[in-house]
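Contents: one structure, followed by commentary.
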Amino acid sequence: MSKAIANHRYRHYKKETMIYTVVTADALDCESVKPLVVYRSEYETPDHPKGTLWVRNREDFESKVTLSDGTVVDRFTEI
């Protein structure tokens, strides 16, 4: 499991080019007070320019996912 650390870069499991930099791993959801990770894209798509900010709960950011072939991988891997 990759821990979310500010200023570190991560690759999303779906695609090698989906690279993000964590802005902060210390944000809190205003209603649930659960920890959130704020991260910025380092790549560009027609729908989302480079630098787009994303927010995901920390538990989800640091979770594992199961691929269609049954392989279990980190959702985000530090690079």
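The values are calculated or read from the model by the stated rules, or taken from the named source; none is laboratory data. Predicted model, so just to flag it, every value in this text is computed and none were measured. Ideal geometry is used to build each Cβ from the backbone, glycine not excepted, and the neighbour counts take in all protein chains shown. Side chains are part of the model used for accessible areas, which takes the heavy atoms of the whole protein and leaves out ligands, DNA and RNA. Shrake-Rupley method; radii C 1.70, N 1.55, O 1.52, S 1.80 Å.
So in segment 23-51, with the set limited to residues that are of a type in the set (D, E, K, R) and open to solvent by 100 Å² or more (accessible area, probe 1.4 Å), which one is farthest from A6 (Cα to Cα)?
Our first condition is that a residue be of a type in the set (D, E, K, R); within segment 23-51, this holds for 26, 29, 31, 34, 40, 42, 44, 47, 50.
In the following step, the residues that additionally are open to solvent by 100 Å² or more (accessible area, probe 1.4 Å) were identified as 26, 31, 34, 44, 47, 50.
Numbers: D26: 9, E31: 23, K34: 17, E44: 21, D47: 25, K50: 18 Å.
This residue is D47.
The set of residues from segment 11-54 being in contact with a Lys or Arg (Cβ under 9 Å, 6 or more places away or on another chain) and touching a residue at least 40 places away in the same chain (Cβ under 8 Å) comprises H12, Y13, I19, Y20. Total residues in segment 16-49 satisfying the condition of being in contact with a Phe, Trp or Tyr (Cβ under 9 Å, 6 or more places away or on another chain) and closer than 21 Å to V72 by Cα: the figure is 4. Screening the candidates T66, T77, T45, T71 for the property of being under 14 Å from the mean Cα position of the chain (by Cα) and among the hydroxyl-bearing types (S, T, Y) yields one hit, T77. Of all the criteria given as (1) surrounded by fewer than 16 Cβ atoms within 10 Å (Cβ to Cβ); (2) part of a loop (DSSP other than H, G, I, E, B), the one not satisfied by W54 is (2). Only residues that are in a strand (DSSP E or B) and of a type in the set (A, V, I, L, M) were counted in segment 6-22, giving 2. Taking the conditions (1) among the aliphatic types (A, V, I, L, M); (2) open to solvent by 40 Å² or more (accessible area, probe 1.4 Å); (3) at pLDDT 95 or above in turn, M18 satisfies each one other than (2). For segment 57-72, which positions are open to solvent by 40 Å² or more (accessible area, probe 1.4 Å), part of a strand (DSSP E or B) and of a type in the set (A, V, I, L, M)? V72 - this is the single residue of segment 57-72 that is open to solvent by 40 Å² or more (accessible area, probe 1.4 Å), part of a strand (DSSP E or B) and of a type in the set (A, V, I, L, M).
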